[in-house]
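**Student:** Once you've had a glance at the structure underneath, I'll fire off some questions.
Bear in mind these aren't lab numbers, they're just calculated from the coordinates by the rules spelled out. Keep in mind that what you see is a predicted model, and the values were worked out from it rather than measured. All Cβ positions, even for glycine, are placed from backbone atoms using ideal geometry, and neighbour counts span all protein chains on display.
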Amino acid sequence: MKIAIATTDGLTVNEHFGKAKKFFIYDATSEKLDLLTEREVEPYATGQKDHTFDKVRFQEVAKVLEGCEKVFITKIGDEPAAALKAMGIEPVVYEGAIKDIDLCRE
């Protein structure tokens, strides 16, 4: 299983879905996480106060998450979360060390 993690430092899940500039992609098929790649992206959020769902911007971010079954983020809006679920990607709200992620529990 591949998972994506929104992180600024590669050590902790510390980024909101809408503000993420990069996602680390891990292979989580073994007992530990193996880093496969780091994918950069234009953040989904534009800074607008109304937080209107932007399908085009969402699709740009979603492209870098293709092939992942889960994405770990500190926060995510209802509409982006629903759109990810429709793609078969489970958003997991989590804040903490990447090494402490328990895939059986999350």
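**Student:** Describe numerically, in nm with one decimal, the distance between label points set 7 Å from Cα along Cα→Cβ at Ser30 and at Lys85.
**Tutor:** Placing both labels 7 Å beyond Cα along the Cβ direction yields 3.4 nm.
**Student:** Please report the net charge: other residues with Cβ closer than 11 Å to the Cβ of Thr12, K and R +1, D and E -1. Walk me through the numbers on the way to the answer.
**Tutor:** Values: positive: Lys99; negative: Asp9, Glu15, Glu95, Asp100.
Summing Lys and Arg as +1 and Asp and Glu as -1 gives -3.
**Student:** Here is a follow-up. Three principal axis extents, largest first, for the C-alpha atoms of the chain, in Å?
**Tutor:** The Cα atoms of the chain stretch 41, 26, 23 Å along the principal axes, largest first.
**Student:** Let me ask something additional. Is there a quick way to get the dipole size of the chain? I mean about its Cα centre, with the Cβ of Lys and Arg at +1 and of Asp and Glu at -1; what is the value in debye to the nearest 20?
**Tutor:** 180
**Student:** Grab the other residues whose beta carbon is less than 13 angstrom from that of Val64, score K and R as +1, D and E as -1, and report the net. Intermediate values should be presented prior to the final figure.
**Tutor:** Values: positive: Lys2, Lys21, Lys22, Arg39, Arg57, Lys63; negative: Glu38, Glu40, Glu42, Glu60, Glu66.
Spelling it out: positives minus negatives among the neighbours equals +1.
**Student:** Then there's this: Where both residues lie in the chain, what percent of DSSP beta bridges are antiparallel, nearest 5?
**Tutor:** Values: 13 of 20 bridges.
The antiparallel proportion sits near 65 percent.
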